[in-house]
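Take a look at the structure below.
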């Protein structure tokens, strides 16, 4: 029983690790070349990030004509990033190494 829980936690940790890079969190439905242009990084780097996300089931692909498009398939990712940023911002005064994440707003803020 305990090994089942540990196995499930390890699987979840791999998925979270897959999200642990800003390049992989880029939102929007687009193909690798377009994503590389938006993020101003090489297409091979984008392809490596997308391969990791596909392997975790986080970024499925779908065809649109000659292009294969990808989309981050975790709607809770942006709120998760905001939540961790808010927690970090709350502790910034006592732990300056935390720093917070500039530009991340609370849900509902405009």
Taking the stretch 11-43 on its own, how many of its residues are at pLDDT below 85 and assigned to a loop (DSSP other than H, G, I, E, B)? 11
Taking the stretch 40-84 as the region of interest, how many residues are more than 20 Å from residue 15 (Cα to Cα) and in contact with a helix residue (DSSP H, G or I) (Cβ under 7 Å, 6 or more places away or on another chain)? 2
Per the list (1) touching a strand residue (DSSP E or B) at 6+ places or on another chain (Cβ under 8 Å); (2) at pLDDT 80 or above, residue check on residue 4 breaks on (1)
Just to be sure, is residue 50 touching a strand residue (DSSP E or B) at 6+ places or on another chain (Cβ under 7 Å) and outside any loop (DSSP other than H, G, I, E, B)? yes
How many residues of the stretch 25-44 are under 14 Å from the mean Cα position of the chain (by Cα), surrounded by 12 or more Cβ atoms within 10 Å (Cβ to Cβ) and in contact (Cβ under 8 Å) with a residue 40 or more places away in the chain? The answer is 3
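The values are calculated or read from the model by the stated rules, or taken from the named source; none is laboratory data. From a predicted model like this one, the values you see are computed outputs, not experimental measurements. Reconstructed Cβ throughout: ideal geometry from the backbone, glycine too, with neighbour counts over all protein chains shown.
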